[in-house]
Amino acid sequence: MTTTSSPEKNPVRPLSVQDWDVLIDDFQDAGSPRDWFTAVFSIDSLVDLALSSLLKKDFPWPVKLSILVFLDEFSVILFEKCGGETFDRFIDALRAIVQSPTDGSSGLKEQAMISFTSVLVSIDSFSVRHVEAVVDLLLALVNRPNHGFDRQARAIACECLRQLERAFPGLLSDVAGHLWSLCQAERTHAVQAYLLLFTTVVYNVVNQKLSVSLLSTSVPLVPFNAPIWMRNQSSISGLGPDQKELRRTLAFMLESPYLFTSCAMMEFMGMVVPLASALELQASMLKVQFLGMIYSFDPMLCHVVLLMYSQFPDAFEGQEKEIMRRLMLLSKETQIYLVFRLLALHWLMGLLNKPMLSGELEKRKSVLDMGHKFHPFVFDPLALKALKLDLLVQCSVSSNALSGGDNSKSAGELLQKCLVSVSDFKWLPPWSSETAIAFRTLHKFLISASTHSDSDPSTTRSLMESSLFQDLQELLVDMTSDYQILVPVIVAFIERLINCQKHQWLGERFLQTIDEKLLPKLEKNNLLTAYFPLFHRIAENDTIPPSRLIELLTKFVVSLVDKRGYDVELKSWDQGTEVLGICRTLLSHHKSSRLFLGLSRLFSLMCLYFPDLEVRDNARIYLRMLVCIPGRRMKNILKPADTVSPSTHSSTFFSVQSPRFRHDPNKSRNLSSYIHLERVMPLLVKQSWSLSLPSVGVGNDGYSIIESKVQVDDVEPDSSQELQVLPDSRKIESGKPTLRVMDAKIAEILERLRRYFSVIPDFRHMPGIKVRITCTLRLDAEPYSSIWCGQTQSTELDKVDSPPAIFATVLKFSSSAPYGSIPSCRIPFLLGESHGNKNVPSDEGSLDIVLLENTPEEEGKDGLGGTPVTVELEPGEPTPGLVEVSMEANAENGQMIQGKLESVPVGIEDMFLKALAPPDEPEDTIPSYYSDLFNALWEVCGSSSSTAHETFALKGGKTAAAISGTRSVKLLEVPAETVIQASEFHLAPFVVAITGEELVNIVRDGGIIEDIVWQEEEEEGQANADRSTSSSVEAMGSNRSPLRLTYIGYGDDQEVPMTRSRGKMGKIKMLMFLPPRYHLLFEMEVGEGSTLVHIRTDHWPCLAYVDDYLEALFLR
């Protein structure tokens, strides 16, 4: 034990209750404090802060309990650099808590003893005197037997002392006599803790061979002093305790088992049994004392008896049958937990293994006969059935060994009875648990009597001649014939045997039996395809004659040729390909002489009459190979590509290496200068930044807590919470609606929003809404040719030669923005384009007529701007960003082209999508639906006082969304014509309503914006009407009063008030959906010389980009 010292940093101030809650959460999440703590406090001072908080009387006891558990859980980190002074305060704090008068209801004293003991056991940077101080304090508390008021605290103190004794064996050896006296004096339920403490001390004294007295001592109990050898850190030397005292001590301990609970009895017996072995005590004494516990229904007590039986088997001579009968009753008792019933079966299997390994089978014959009674019942749990079947297999093998191997007939009957309990496997899917258990039992019955040792070569042959193997063969043939669904499982069962070197003959024999008995029974119809996996295994085995299989396949092909119809033509390719695959397997594993006659007829039939053309061509190829190529060479040709060995020919033909081009990084450096990936529709705003803010919360004490991760699953929804994941028990469909008092207008708004949000996909549990950006990929011919093409071509040939091209282009996209996984794009062929100035005449001659070069806009309209590429995003947040592009392609000469292209910018306008409409909404009411949806979102985003606690379930019902609205305003000093034209060209799909007679007439005459709500007369008193409708939207109504803006002129500093607009013409209402579930709303008050744009949204970060977008849209 060593002590370390570290510099102390005085805390600026003590931590409050809220600070401790946040600090403990930080440690549980990250294992260390966050920046808010380390900026003010030192980590080394955490222990001092915790001890000072524990001694405060005004601190609530639940917080003190949390601090104690915190010290225990993170003791290795907190006490790593603590010095002796910190441990002194540590001991003083424990003494103050333990000696303080409390009513005992809070549990603070008990938790303090547990936590402080755990700290001492977990770390090693303390001295012996600190351990002595803690032990002295605990012994002083223990040394008050029969005090009923603090009996729980004394029991906990005994447990703490026991843990210290286990961590430092022999620590309490000098005071063992006092502990013996306390055990005799205690009369409350705490006597169990006293007895376990005394037993632990005695066990360590015997184990460490300490020469101390167990029943008497001259050393005072308190003040406590550690043994001299422990303080001096010297080695232990002694002969152990006196044998008479040890026998007397053990006799005293054996008189007290009735005072223990079942768990305490487990620990007690774990120490008593080694003591009895050390004393060479007769095990019959333990048997008489504890055998009665086997009749208890407590599994722990039964486990104690079984542990004792495994340690002293000779003492329980004649009791084995009684023990097994009791375990059998426990396994059948349906009222106890399944895990204990399984434990009883495990004990039975262990008891059977013990006589099998010890060669005492004759003496245990009665025990084995009882094992046959463990037949599984139909309604037993599946795990219990599996263990019972294993037990029956084990008993069958043991009985067979006793009878000298003449018990195979009874084993076959036993197998039939066992499969009755899991007979569901015959109609359940192949991957079901019942099927796995049934075939696992078959495998165990088959090979349980056969070892994997090579020293016994006759085991497999004798097994193949047994009646059990014959019964299994018939069973497999019947199951394969009657239940086609079991064919994959039977194939796996046979493969398991074939892959085993010892039992390979068994698998081959099964295949031979299936070939002899099953193939003649199969009908030549479409159900035959279910047996194709089995046919492949038969074809792979060269010990099975292929004639039956070829004959069956020929009849199957004839049935396919005879049938006609659309359905047959669709299935013919698949079935014909499978038949050719089986034929190829035959060609690869059998001699051609055995196959020639049958396969030549089959191939001829298929290449002449099979309905599918591809199958006919492949059959013709196989027929020519069978006729023209010798067998050994054909097998090499038909081998899979990964098994073909390299050619050993020495001729120059085989030594010629095909040209292979590797990637040249020097040529791929400037790919973006001649390979361009450009947007079809350029962005209005060249966004070079994006807003990304973490969740920031300001504490009450002047410092902020920054969380890098927010787990919405574990918090309750509040006004700032926008997304809440609901557990299964609180799904929207199953929960009852919360009853609230609200007016008709608010209820109508909420109902409309619930219907709307129910069609928005929940991007956390299903594919979200996609944003697609259309781009074009172009290849400039001249710079590409100068870098990648050879230098042997002359300039004259370059002028008349075809333009260059690249092949198998793969574009991979990635982004640091929250766009999800972006799928790659594959372009098989990209032709180079020449962008030279075609208007300039060449030197050789001039043209009388010069064609004007197409502008980029015309090229885009004509489709000549390159190959279209679509970048598909699934935004998790509507924010601009950049999509990085990497490219891989092949040049015409086989060279690899790899590199990065220019990034594709993503703007806020790319996130503008049309809001979703319910599928049951009629088409003629879609305009009014969007107008009503706009009004509902406008009201909610303007004032959330009436809907602050409302959540709206998304599609699927697993996630609910809450709306937290934000609003803004933008004044545009542009004429009305500019606003109308820009809106029609860029924002027409998002217009939901237009009000005002003059504005309606202008926009309607334009003919661009259609299918919206036209309101020629605008209601001026709408805000006042809204205010009088309900008191719950009073704040909302007041916010819709006329807004006055101020701006600072250029000439002077005088503020000039301005109203909304001059010469008001009407309003344009726009609704943009921002994936995955947000919205942006515009209400433009269009005037003759200016326009005032009211903006509302439920995702406030998007306002950082809207200002630049409106200026680029209307003021460019």
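The residues in the range 464-494 that are open to solvent by 30 Å² or more (accessible area, probe 1.4 Å) and not in a helix (DSSP H, G or I) can be counted, and the count is 2. Annotation note: Cβ proximity below 7 Å between a residue of the range 219-230 that is more than 12 Å from Leu179 (Cα to Cα) and a residue that is in a loop (DSSP other than H, G, I, E, B) and of a type in the set (Val, Ile, Thr) (sequence gap 6+ or interchain) occurs for Trp229/Ile236. Name every residue in the range 206-237 that is aliphatic (A, V, I, L, M) and more than 23 Å from His130 (Cα to Cα), in order of residue number. Matches in the range 206-237: Val206, Leu210, Val212, Leu214, Leu215.
Looking at Leu182, Leu78, Leu172, can you tell me which residue is without any contact (Cβ under 8 Å) to a residue 40 or more places away in the chain, open to solvent by less than 20 Å² (accessible area, probe 1.4 Å) and within 22 Å of Ser256 (Cα to Cα)? Full working, then the answer.
Details: Leu182 fails: without any contact (Cβ under 8 Å) to a residue 40 or more places away in the chain; Leu78 fails: within 22 Å of Ser256 (Cα to Cα).
Of Leu182, Leu78, Leu172, the one residue that is without any contact (Cβ under 8 Å) to a residue 40 or more places away in the chain, open to solvent by less than 20 Å² (accessible area, probe 1.4 Å) and within 22 Å of Ser256 (Cα to Cα) is Leu172.
The set of residues from the range 500-519 being farther than 15 Å from Asp471 by Cα, modelled with pLDDT of 85 or more and open to solvent by 50 Å² or more (accessible area, probe 1.4 Å) comprises just one member, Glu516.
The residue list Asn146, Asn207, Asn225 contains one member that is of a type outside the set (Asp, Glu), touching a helix residue (DSSP H, G or I) at 6+ places or on another chain (Cβ under 9 Å) and on the phi > 0 side of the Ramachandran plot, which is Asn146.
Just a yes or no: is a residue in the range 66-73 open to solvent by 10 Å² or more (accessible area, probe 1.4 Å) and over 21 Å from Gln163 (Cα atoms)? Full working, then the answer.
Step one: of the range 66-73, the residues open to solvent by 10 Å² or more (accessible area, probe 1.4 Å) are 66, 69, 72-73.
Among the residues that remain, those that are also over 21 Å from Gln163 (Cα atoms) are: 66.
Yes: one or more hits.
Restricting attention to the range 452-463, and to residues there that are under 16 Å from Gly507 (Cα atoms) and open to solvent by 50 Å² or more (accessible area, probe 1.4 Å), which single residue is modelled with the lowest pLDDT?
Checking each candidate, the answer is His452.
Where strands (runs of 3 or more DSSP E) fall entirely within the range 948-1019, those with at least 3 residues that are open to solvent by 20 Å² or more (accessible area, probe 1.4 Å) are at 966-972, 1013-1015.
Residues in the range 287-324 that are in a helix (DSSP H, G or I) and open to solvent by less than 50 Å² (accessible area, probe 1.4 Å): 20 in all.
Just a yes or no: is a residue in the range 303-319 under 25 Å from Lys385 (Cβ atoms) and modelled with pLDDT of 80 or more?
Here is the first cut: in the range 303-319, the residues under 25 Å from Lys385 (Cβ atoms) are 303, 306.
Retained after the next criterion (residues that are modelled with pLDDT of 80 or more): 303, 306.
Among the residues of the range 303-319, at least one is under 25 Å from Lys385 (Cβ atoms) and modelled with pLDDT of 80 or more, which makes the answer yes.
For the range 882-921, which positions are of a type outside the set (Ser, Thr, Tyr), within 14 Å of Arg679 (Cβ to Cβ), in a strand (DSSP E or B) and open to solvent by 10 Å² or more (accessible area, probe 1.4 Å)?
First pass over the range 882-921, keeping only residues of a type outside the set (Ser, Thr, Tyr): 882-885, 887-902, 904-921.
Retained after the next criterion (residues that are within 14 Å of Arg679 (Cβ to Cβ)): 882-883, 885, 901-902, 904-907, 909-910.
Okay, now just the ones that are also in a strand (DSSP E or B), so 882-883, 885, 901-902, 904-906.
Passing the criteria: Leu882, Leu901, Glu902, Pro905.
The values are calculated or read from the model by the stated rules, or taken from the named source; none is laboratory data. Every value quoted in this text rests on a predicted model; they were computed, and no experiment measured them. Note: ideal-geometry Cβ built from the backbone for every residue, glycine included; neighbour counts use all protein chains shown. All accessible areas refer to the heavy atoms of the entire protein, side chains included, with ligands and DNA or RNA removed. Shrake-Rupley method; radii C 1.70, N 1.55, O 1.52, S 1.80 Å.
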